[in-house]
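Taking it in order: structure first as structure tokens, then the write-up.
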Amino acid sequence: MVSPWGLDKAVLSLCAARICRLVLADVVRDEVEENLLLHAERLPPPDARQLLDDYHRLISLTAPELVPYPDGDLVRANRHLIRHAADVPVLLSAVQSRPDWLLTHNIKHFSPTVARRTGLRIATPSEFFRTLSSLLK
């Protein structure tokens, strides 16, 4: 949302064009909104309003499939799945919704081991596009 362009924005554009479907966990949405508000506080008021308007427009265009927070007991019971405790709700939301891809830059925590444990296809946006590109050859 903040960068003028990039692969993250390209993924969101595919979702806005309804070529791909955005599956958005409530826990991720809340984190994104919190970070956008922090970023907006450092911008001049017109730019901050534009950033928040752009975010709301993106959500409207993508019409994401929302995934609710997982139950607290489930989070505690599955703490062993991933190294960082704060990522457990994100991971369980993905396990619940079974997306084709879980895209993240956090490959330190969302590692190949986590992918094997959960059966999820975890990749960076760059890996996602490289895979799509190889399918077109």
Single unsatisfied condition, Thr131 versus (1) of a type in the set (Val, Ile, Thr); (2) within 22 Å of Lys9 (Cα to Cα); (3) touching a residue at least 12 places away in the same chain (Cβ under 8 Å)
(3)
Test for Val75: is it touching a residue at least 12 places away in the same chain (Cβ under 8 Å), touching a Pro at 6+ places or on another chain (Cβ under 7 Å) and closer than 21 Å to Leu102 by Cβ
yes
Give just the number: which of (1) basic (Lys, Arg); (2) within 24 Å of Pro112 (Cα to Cα); (3) under 17 Å from the mean Cα position of the chain (by Cα) does Arg76 not satisfy?
(3)
For the condition over 14 Å from the mean Cα position of the chain (by Cα) and under 28 Å from His39 (Cβ atoms), what is the one hit in Ile59, Ile82, Ile107?
Ile82
I need the full set of residues from the stretch 116-137 which are surrounded by 15 or more Cβ atoms within 10 Å (Cβ to Cβ) and assigned to a helix (DSSP H, G or I), in order please.
Arg117, Thr118, Pro125, Glu127, Phe128, Phe129
The lone condition Thr104 fails out of (1) under 19 Å from Ala115 (Cα atoms); (2) touching a residue at least 24 places away in the same chain (Cβ under 8 Å); (3) among the polar types (S, T, N, Q) is (2)
Those residues of the stretch 35-72 which are among the hydroxyl-bearing types (Ser, Thr, Tyr) and without any contact (Cβ under 8 Å) to a residue 12 or more places away in the chain, in sequence order
Ser60
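Quick note: the coordinates plus some simple rules give every number you see, no bench work behind them. Please read all numbers here as calculations on a predicted model, not as lab measurements. Because the Cβ atoms are built from the backbone with ideal geometry, glycine has one as well, and the counts that use them run over all protein chains shown.
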